[in-house]
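Trainee: Take a look at this one; I'll ask things after.
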Amino acid sequence: DTGVSQDPRHKITKRGQNVTFRCDPISEHNRLYWYRQTLGQGPEFLTYFQNEAQLEKSRLLSDRFSAERPKGSFSTLEIQRTEQGDSAMYLCASSSTAGQGFGNTIYFGEGSWLTVV
Amino acid sequence: GNSVTQMEGPVTLSEEAFLTINCTYTATGYPSLFWYVQYPGEGLQLLLKATKADDKGSNKGFEATYRKETTSFHLEKGSVQVSDSAVYFCALSASGTYKYIFGTGTRLKVLA
């Protein structure tokens, strides 16, 4: 059973460029999450999907950010016109809808580090 | 709104010392509570969880009890090891939402 995988693990980009991150969740999980984590802080929720539907978005997800999960499997997070304040680790996580409902464990990938220079 | 408050770190202990990391929460209803651990350069891993009041979660010698009366979920370990050095995050999942809320993390350093 493979875990959540994210690609790329590290990305350095110039301010103003677009970047895209990919996440492959655990295969049987139909719920997928994106979080952002900056140094010394806990993960901050960005958005989540159930299957292909994006059900909730944070105010942190400005109009430069877009996330998709077109076939209910992998997901992409795109950041357009990057700014230095976007430098962070972008974490993907997934969970099942079976069992405990709101108490389900979410499983994280190792994250994608973004540095905007 | 829902929130989690953790004690600030770093917490520095000698090997075999007793560990407590405090976590309190604010939430409507009956949230589920979690502790995650993050080792350097890695993502977060679930350490333990509790889904209802008075439940005790435990794993790898770590324990935490869901105390609704004090809205707390303190993490404890009787004897820490150098390999326990990491950042520990308390989190909640509130009823009616699948958005997990995390604390700011507590860095633990264990010295040999």
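Trainee: Let me have the relative contact order for the range B:9-65, percent, based on Cα pairs under 8 Å that are six or more residues apart.
Mentor: Relative contact order here is 21 percent.
Trainee: While we're here: Just tell me how shielded B:25-36 is by partners: mean number of partner chain Cβ atoms within 10 Å of each residue's Cβ, no decimals.
Mentor: Other-chain Cβ atoms within 10 Å of each residue's Cβ, averaged: 2.
Trainee: Right, another one. All other residues with a Cβ under 14 Å from the Cβ of B:Glu63 taken together, and with Lys, Arg as +1 and Asp, Glu as -1, what is their net charge?
Mentor: It works out to a net charge of +1.
Trainee: Further question: Please get the size of the charge dipole for the range A:1-106, origin at its Cα centre, with Cβ charges of +1 on Lys and Arg and -1 on Asp and Glu, quoted in debye to the nearest 20.
Mentor: The calculation lands at about 360 debye.
Trainee: For the range A:1-41, state which trypsin sites (Lys or Arg not before Pro) are in a DSSP loop and have at most 13 other beta carbons lying within 10 Å of their beta carbon.
Mentor: Sites meeting the loop and neighbour criteria: A:Lys14, A:Arg15.
Trainee: How well do other chains shield peptide A:45-51, expressed as the mean number of their Cβ atoms within 10 Å of each residue Cβ?
Mentor: Neighbouring Cβ atoms belonging to other protein chains average 2 per residue here.
Trainee: Within chain B, how many lysine pairs that are 8 or more places apart, or on different chains, have C-alpha atoms less than 27 Å apart?
Mentor: Number of lysine pairs found: 20.
Trainee: With a cut-off of 8 Å between alpha carbons and a minimum separation of six or more residues, what is the relative contact order of chain A in percent?
Mentor: Relative contact order, chain A: 36 percent.
Trainee: Here's another thing I want to ask about it. Using a simple charge model, +1 on the beta-carbon of Lys and Arg, -1 on the beta-carbon of Asp and Glu, nothing else, what dipole does chain B show about its Cα centre, in debye to the nearest 20?
Mentor: Dipole of chain B, to the nearest 20 debye: 300 debye.
Trainee: Between the range A:49-108 and the range B:83-112, what is the C-alpha centre distance in whole Å?
Mentor: 19 Å
Trainee: Which of rounded, prolate, oblate describes the range B:38-112, given a ≥ b ≥ c as roots of the alpha-carbon gyration tensor eigenvalues and a/c under 1.5 marking rounded, otherwise prolate only if a/b is larger than b/c?
Mentor: Here the range B:38-112 falls in the oblate category.
Trainee: Report the calculated FRET efficiency for B:Lys109 and A:Lys71 (r = Cβ-Cβ distance, R0 = 30 Å), to the nearest 0.05.
Mentor: For B:Lys109 and A:Lys71, the calculated efficiency is 0.10.
Trainee: When the dipole is taken about the Cα centre of the protein assembly as shown, and only Lys, Arg (+1) and Asp, Glu (-1) are charged at their Cβ, what size is it in debye, to the nearest 20?
Mentor: Computed charge dipole of the protein assembly as shown: roughly 480 debye.
Trainee: Let me ask something else. Return the loop-located GluC sites (Glu not before Pro) in the range A:38-117 (DSSP other than H, G, I, E, B) with at most 14 other Cβ atoms within 10 Å of their own Cβ; answer none if there are none.
Mentor: Taking the range A:38-117 and a limit of 14 other Cβ atoms within 10 Å, the loop GluC sites (Glu not before Pro) found are A:Glu52, A:Glu83.
Trainee: Another one. Taking a label point 7 Å from the Cα of B:Phe18 along the Cα→Cβ vector, which residues of the range B:42-81 have an amide N closer than 13 Å to it?
Mentor: Answer for the range B:42-81: B:76-80.
Trainee: A follow-up question, please. Let me know the mean shielding of A:78-91 by other chains, meaning the per-residue number of their Cβ atoms within 10 Å of its Cβ.
Mentor: Partner-chain Cβ atoms within 10 Å, mean over residues of A:78-91: 0.
Trainee: Most fluctuating residue of B:Thr97, B:Thr26, B:Thr71 in a GNM of chain B with Cα springs under 10 Å: which is it?
Mentor: Among B:Thr97, B:Thr26, B:Thr71, the largest mean-square fluctuation in the Gaussian network model of chain B belongs to B:Thr97.
Trainee: Just to confirm a number: summing +1 for Lys and Arg and -1 for Asp and Glu over residues other than A:Asn18 whose beta-carbon lies under 10 angstrom from that of A:Asn18, what do you get?
Mentor: Surrounding charge for A:Asn18 is +1.
Trainee: Scan chain B and hand back the longest stretch that contains none of the GluC sites (Glu not before Pro) lying in DSSP loops with at most 12 other Cβ atoms within 10 Å.
Mentor: B:17-68
Trainee: At most 13 other Cβ atoms within 10 Å and a DSSP loop assignment: could you name the trypsin sites (Lys or Arg not before Pro) in the range A:49-114 that fit?
Mentor: A:Arg59, A:Arg64, A:Lys71, A:Arg81
No lab work stands behind these numbers, since they all come straight from the coordinates. As the structure is a computational prediction, the values presented were derived from the model and not from experiment. Here Cβ is always computed from backbone atoms with ideal geometry, including for glycine, and neighbour counts include all displayed protein chains.
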